[in-house]
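The values are calculated or read from the model by the stated rules, or taken from the named source; none is laboratory data. Just so you know, these numbers come straight off a predicted model, no measurement behind them. Here Cβ is always computed from backbone atoms with ideal geometry, including for glycine, and neighbour counts include all displayed protein chains.
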Amino acid sequence: MRRLLSWIMALMIIITVMPNAAMAESIPNDIVSSAIRSADAEEYGIGDTGVIKYEISGDEVKLPESLTGITEKEIVLVIDTSGSMGTYMGFGRNRKSRMEITKDAAKNFINKFSNKSNVKIGIVAYSEKGHITSDLKLASDYSLIRKINSLQPDSATNTGDGLRLAYWMLKNSSNSNAKKYVVS
């Protein structure tokens, strides 16, 4: 029985120490450029107290974007401005046109990203033909809101042309590392 307990204790110690050893081995050696140990005494005896300091310096480590969550993003809003967007919905004070509802949603969307320096938003509007209403700009650029406010319902519906232009905008963007999205 004692022997079994000894084996169990040894196994528990090994299991406890192994993850720390594995973690220490996973840190690349070229990160730490110096490690300095200093103490307020040469030796410490049993029961002595003192201060031991370690100063470790190294090169800056760039974390992968999967850990930082900071990734450049480019988003193109594709907005229907066809004649049917002039249709009113709701009753009384809640009565709004589809265009007004869409504008409110687009402005809310842009405002959600206005404090992000890594998000650019472009706008493509379409009716009979698609047209680029705004090139990709930081979400904090107020001209995006002005462009949204200027949209008016007109003519037929050519969704395909709007989506094609959004694809073209993202494909021809100068930032090939950005994650790209089309929101319609």
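Here are the numbers:
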quantity	calculated
Members of segment 128-149 found to be among the polar types (S, T, N, Q) and either free of Cβ contacts under 8 Å to residues at least 12 places away in the same chain or touching a helix residue (DSSP H, G or I) at 6+ places or on another chain (Cβ under 7 Å) (or both), listed by number	THR133, SER134, SER143, ASN149
Qualifying positions in segment 172-184 - within 26 Å of GLY83 (Cα to Cα) and buried (at least 16 other Cβ atoms within 10 Å of the Cβ)	VAL182
Of the criteria (1) touching an Asp or Glu at 6+ places or on another chain (Cβ under 6 Å); (2) within 18 Å of VAL183 (Cβ to Cβ), which one LYS129 fails	(2)
Output for segment 85-104, where each listed residue is surrounded by fewer than 14 Cβ atoms within 10 Å (Cβ to Cβ), of a type in the set (Gly, Ala, Ser) and assigned to a helix (DSSP H, G or I)	GLY92
GLU128, sole failed condition from (1) under 16 Å from GLU72 (Cβ atoms); (2) in a loop (DSSP other than H, G, I, E, B); (3) of a type outside the set (S, T, N, Q)	(1)
Which numbered condition ILE46 misses (of (1) under 30 Å from SER174 (Cα atoms); (2) of a type outside the set (Phe, Trp, Tyr); (3) assigned to a loop (DSSP other than H, G, I, E, B); (4) at pLDDT 60 or above)	(1)
Residue, nearest to THR81 (Cα to Cα), within segment 143-171, restricted to residues that are assigned to a loop (DSSP other than H, G, I, E, B) and at pLDDT 95 or above	PRO153
